[in-house]
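Taking it in order: structure first as structure tokens, then the write-up.
What follows draws every value from the coordinates through simple rules; no lab data is involved. None of these values were measured; they are calculated from a predicted model. Glycine also receives a Cβ, built like all others from the backbone with ideal geometry; neighbour counts cover every protein chain displayed.
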Amino acid sequence: MNNQTNWKFIGIVVVLAVIVGGGILCYFKDFTKELISITQFPEIKKSKKHIEDEIAKWNTYSLDYELAFISRDLQEFPEEYSKEEREKLWKTLEEMKECNFDIKYPKDWVDSGAFAFHGAIIPVGFGIKREGADHCEFGIHFYRDETFIENEINDLINAGAQKSSVFINNYPAFKLTLEENKGGFVKYFPKRDEKSCFPIFYGYENNECEEICEKMLSTFRFLEQIIY
């Protein structure tokens, strides 16, 4: 009888055992991840449904409704504006028709409505109306001067803002984020038909405000051109 140990054979068996065992362990880990993902899916779906239901109850701001009032005022109260202001406002109104939009906002927020200011038109600003609430604002400006927009983007980058390319409801946009000591400031530049329309911005002092502003942003959409 040969009592000599066959170390070569034992070594091969050990290596095979490690390989097979490792494979089983990896498969078990992947299976566990899949199992966890499947068990969490209803919660993820439920959470998304909850957010959609929450937003569905919000107010809706429509630019076309607001611009109709400014157009009426220009026609009925021309004495309120100088000739130069009227010409500039009519030109801005025509440009803004191409950028018609609506957006939703929480019921406990207020909107400024569109208003004319020194020959320019500010589409809207939103803010919390609760007393004692942290600073939280969401605004939409209007200008289509690409050079002016480019300069503003560069100014924000020079101030330390981080720039990234994003989409807002399938509209290409630039996003600039500027972190501050308390909260931060975010500005988006969405485009319609390759042209910038509205720089959209919000400032926040807490995560709740930031989350609300991002939810508002998710409801922003361009509409058909206004005809009136």
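Annotations for the structure displayed:
- Listed peptides 105-116, 192-203 by packing density, highest first (mean Cβ within 10 Å): 192-203, 105-116
- Cα-based equivalent ellipsoid of the stretch 60-222: semi-axis lengths in Å, sorted from largest, via gyration tensor: 27, 19, 15
- Extreme residue, positive dipole direction of the stretch 60-222, given options W90, F222, Y143 (C-beta unit charges): F222
- Histogram of C-alpha separations across the stretch 139-228, 5 Å bin width, %: 3, 13, 23, 26, 19, 10, 4, 2, 1, 0
- Cross-link pairs K49/K104; K57/K182; K97/K187; K83/K175; K91/K195 - those with Cα-Cα distance over 28 Å: K57/K182; K83/K175
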